[in-house]
Amino acid sequence: MTLFREPLLHFAVIGAVLFGGYSWLHDEQPEAAAVEPVRIGEGDVRWLKQTWSSQWLRDPTADELKGLVDDLLNERLLAREAKEMGLDQDDTIIRRRLAQKLKFVIEDTAQLVEPTEAELRQFYVANPAHFATQGRLSFRQLYFNPERRPDAAADAQIALAELNAKREAEGTTGDRLLLGERFDDASELAVSGMFGADFAREVFALEPGHWRGPVKSGYGLHLVFVTQRTPTAPKPFETVKDDVLAEWRRARQAEFGRDYLGELRKKYGVELDEGAKAVLGSAPTPKVAEK
């Protein structure tokens, strides 16, 4: 009976029990450690064939199709292993690609909504500038070069007074400008391209028949005489219905995207630490979701 009192025997029995229990647990649950295989389905093969046919304008041969399937399998195997190794963490390219892919999903979802004609007409009325024949302008300009004149603004004011006193549209007191002095039937976009957006916006607000200015451009100062104006005219809804639908879809996508991002900010929260705020300085601070 002294055998049962030996510490060495107790140690051996306990070890045997532990080893047996470990083996039993792992034998009983082999499925828990099973690895999900990388699968290629019929849809994958059809997609590979269609992509090949679109590029090469013919169906792939059997060997070519097998090569395409092998490439897809290799890509998925490498991607699976890279993810297991954590290589997708903190990767700028992967993060941007995932964000881009989700953005495409959001845009596609927004495209599923079909507007009624009443909604399209309401959008058409609310955005007249998008669906109108753009106004055009004919004008003359006299240029005052600040690099050649001590006080170009004062010279322009004196010339303006003289021209309006004579009530004439002709004037020869300006400096030479390569763009010329006369512009006929020009759109605001064209004038903006030549002189800048601010100049175009101001000139298109002038009434015809008088010298006005000075108006500033990227070149210097100008006196402007509008000779003729063709006002902006709305196009009938029936003639621009397709354009209205396309613009409505773009607006819908933008709105849907903003709302979705707003919900994500609420869901996850956004925080800027003090260091980030210091670096941003006076730059606009991203909206931070309230917690």
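Looking only at segment 230-285, filter to residues that are among the β-branched types (Val, Ile, Thr) and within 23 Å of the chain's Cα centre (by Cα); which one of those is surrounded by the most Cβ atoms within 10 Å (Cβ to Cβ)?
Taking segment 230-285 as the starting set, the residues that turn out to be among the β-branched types (Val, Ile, Thr) are 230, 232, 239-240, 244, 270, 279, 285.
Adding the requirement that they be within 23 Å of the chain's Cα centre (by Cα) leaves 244, 270, 285.
Numbers: Val244: 21, Val270: 13, Thr285: 11.
Taking the candidates together, the pick is Val244.
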Residue ID - farthest from Val224 (Cα to Cα), chosen from residues in segment 106-158 that are touching a residue at least 24 places away in the same chain (Cβ under 8 Å) and of a type in the set (Ser, Thr, Tyr):
Thr109
Does any residue in segment 55-67 that is under 18 Å from Asp44 (Cβ atoms) come within less than 7 Å, Cβ to Cβ, of a residue that is among the basic types (Lys, Arg) and surrounded by 10 or more Cβ atoms within 10 Å (Cβ to Cβ) six or more places away or on a different chain, and which pairs are these?
Asp59/Lys49; Pro60/Lys49; Leu65/Lys49
Being surrounded by 16 or more Cβ atoms within 10 Å (Cβ to Cβ), within 42 Å of the chain's Cα centre (by Cα), outside the structural domain of Glu119 (by TED's automatic domain parsing) and of a type in the set (A, V, I, L, M, F, W, C) is the requirement here; does Ala153 meet it?
no
Check segment 3-11 and report whether any residue there is of a type in the set (D, E, K, R), in a helix (DSSP H, G or I), over 32 Å from the mean Cα position of the chain (by Cα) and at pLDDT 90 or above.
no
Candidates Trp56, Trp47 - the one that is among the aromatic types (Phe, Trp, Tyr) and more than 26 Å from Ile94 (Cα to Cα)
Trp56
Give just the number: which of (1) at pLDDT 90 or above; (2) surrounded by 15 or more Cβ atoms within 10 Å (Cβ to Cβ); (3) among the hydrophobic types (A, V, I, L, M, F, W, C) does Ala197 not satisfy?
(2)
So if I check each of Asp155, Asp108, which one is closer than 30 Å to Leu206 by Cβ and assigned to a helix (DSSP H, G or I)?
Asp155
Would a scan of segment 204-211 turn up a residue that is under 24 Å from His130 (Cα atoms), in contact with a Lys or Arg (Cβ under 8 Å, 6 or more places away or on another chain), part of a helix (DSSP H, G or I) and outside the structural domain of Leu120 (by TED's automatic domain parsing)?
no
Tell me whether segment 221-230 contains one or more residues that are polar (S, T, N, Q) and over 30 Å from Asp175 (Cα atoms).
no
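The rows are residues; the columns are (1) assigned by TED's automatic domain parsing to the domain that holds Phe195; (2) closer than 30 Å to Gly196 by Cβ.
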| position | (1), (2) |
| --- | --- |
| Leu223 | yes, yes |
| Ala251 | no, yes |
| Lys267 | no, no |
| Leu272 | no, no |
| Gly275 | no, no |
| Ala278 | no, no |
The lone exception for Leu163 - which of (1) in a helix (DSSP H, G or I); (2) out of contact with any strand residue (DSSP E or B) (no Cβ under 6 Å at 6 or more places or on another chain) it fails:
(2)
Could you check, for segment 113-126, whether at least one of its residues is exposed (fewer than 14 other Cβ atoms within 10 Å of the Cβ) and of a type in the set (Gly, Ala, Ser)?
yes
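The values are calculated or read from the model by the stated rules, or taken from the named source; none is laboratory data. Worth saying up front: this structure is predicted, and the values here are computed from it rather than measured. As a convention, Cβ positions derive from the backbone with ideal geometry for all residues, glycine included, and neighbour counts pool all protein chains shown.
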